[in-house]
1. Placing +1 on the Cβ of each Lys and Arg and -1 on the Cβ of each Asp and Glu in the chain, which of Pro141, Ile180, Phe6 has its Cα farthest towards the positive end of the resulting dipole?
2. Rounded to the nearest whole Å³, what is the per residue volume of the convex hull around the Cα atoms of the chain?
3. For region 19-36, in order, what is each residue's ³J(HN,Hα) by Karplus, 6.51 cos²θ - 1.76 cosθ + 1.60 with θ = phi - 60°, in whole Hz (x at glycine and Pro)?
4. Could the peptides 165-172, 255-262 be put in order, highest first, of the mean number of other beta-carbon atoms found within 10 Å of their residues?
5. I'd like the distance between the alpha-carbon centres of region 203-278 and region 165-188, rounded to an integer number of Å.
6. Using only DSSP helix segments of four residues or longer, with each worth -39500 (n - 2.57), what per-residue ellipticity at 222 nm results for the chain after dividing by its residue count and rounding to 500?
7. Highest mean first, what order results for 98-104, 216-222, 188-194, 80-86 on Cβ atoms within 10 Å?
8. Among Asn259, Thr108, Leu210, pick out the residue whose Cα is farthest towards the positive end of the charge dipole of the chain, where Lys and Arg carry +1 and Asp and Glu carry -1 on C-beta, about the Cα centre.
Amino acid sequence: MKILIFEYITVSGESSGNLTHEGQMMVDALLLNFEKLSDVDVIVMTKFTSDIELEFKQLTETVDAVWVIAPEFDGILERFCHYVEQANKRLLTSPAKAVALTANKLTTFQILHTAKIKTVPTEMFNPKFTYNQKKEWVIKPIDGAGAENTFLLSSEKEWFALPSLEKSHIIQPHKYGEKISLSCIFKNGFAELLCVNLQVFEVKNQYYVLQNIEVNYKLDDGRYQKLASQIAQAFPDLFGYVGVDLIENEDACFVLEINPRLTTSFVDIEKKCGLNVAKLVLNLR
């Protein structure tokens, strides 16, 4: 089988710093996974080109399957998944229609809420909102990836100092607790939990900044697998590796986001858990 690995951030050069570094780490870890499999020939799109989409489509025609790694914002991940589907090639990640749902944080909230899965109240942000001083608030892009451009507002002064936001954003009440992520494998409404991870953030100048991820942070007592299964039933089109971000405190475990793609936690899964994610995903088909 000939497989194309495509990581948008490193190829496009549109970002720098953490996103580029994390993107390259995911590609390197995925290549290590595939190196241990027989009968697999992998190519990686690394070429900087003036027309990434054309180059991607041309390479897609030469392979049997494609593993897309890309951010959800601006419809990037959905678009490249759709290109693979149009070419009638095997997509080793979630289909475009699943990406469209989970990339939109308001839609994700609505589906989770309807499925009676605990989540954080979410609505569209309007700069004309009256500030509620009894709460802290989190404002983030409706289709953001990771903690990019996520603001924590703890005072009226910070509220009025919020910069002008060009894109659509959502607003949520800020909840304290452990920031947990689940690494899972999904298919046809079923989920297999791989590991439970801890995300460590720091707030700098109102921005959330990811500092560290502890992969396989703790063992599951059954609660996390149950939650993953509930999410799989609510989003039955999710496929392959999926990351789920949670906030857990003494009150409950709240689902924050669903990432239909490789996440940074994936990089250490083989080392910490002895699991080859590429093999697990190929076995799904």
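All of the numbers you see were taken from the coordinates with simple rules; none came from a lab. Values in this document were obtained by computation on a predicted structure and should not be read as measured data. Glycine gets a Cβ as well: all are built from the backbone with ideal geometry, and neighbour counts include every protein chain shown.
1. The one lying farthest along the dipole's positive direction is Ile180.
2. On the way: hull volume 36.9 nm³, N = 285.
Per-residue hull volume (Cα only) is 129 Å³.
3. Once rounded to whole Hz, the list reads 4, 5, 4, 5, x, 5, 4, 5, 4, 4, 5, 5, 4, 5, 4, 5, 4, 8.
4. Details: 165-172: 15.5, 255-262: 24.5.
So the order, starting with the most tightly packed, is 255-262, 165-172.
5. 10 Å
6. On the way: 10 runs with 91 residues, N = 285.
Result for the chain, helices only: -9000 deg cm²/dmol.
7. Working: 98-104: 22.9, 216-222: 12.6, 188-194: 16.7, 80-86: 19.4.
Output ranking for 98-104, 216-222, 188-194, 80-86: 98-104, 80-86, 188-194, 216-222.
8. Thr108
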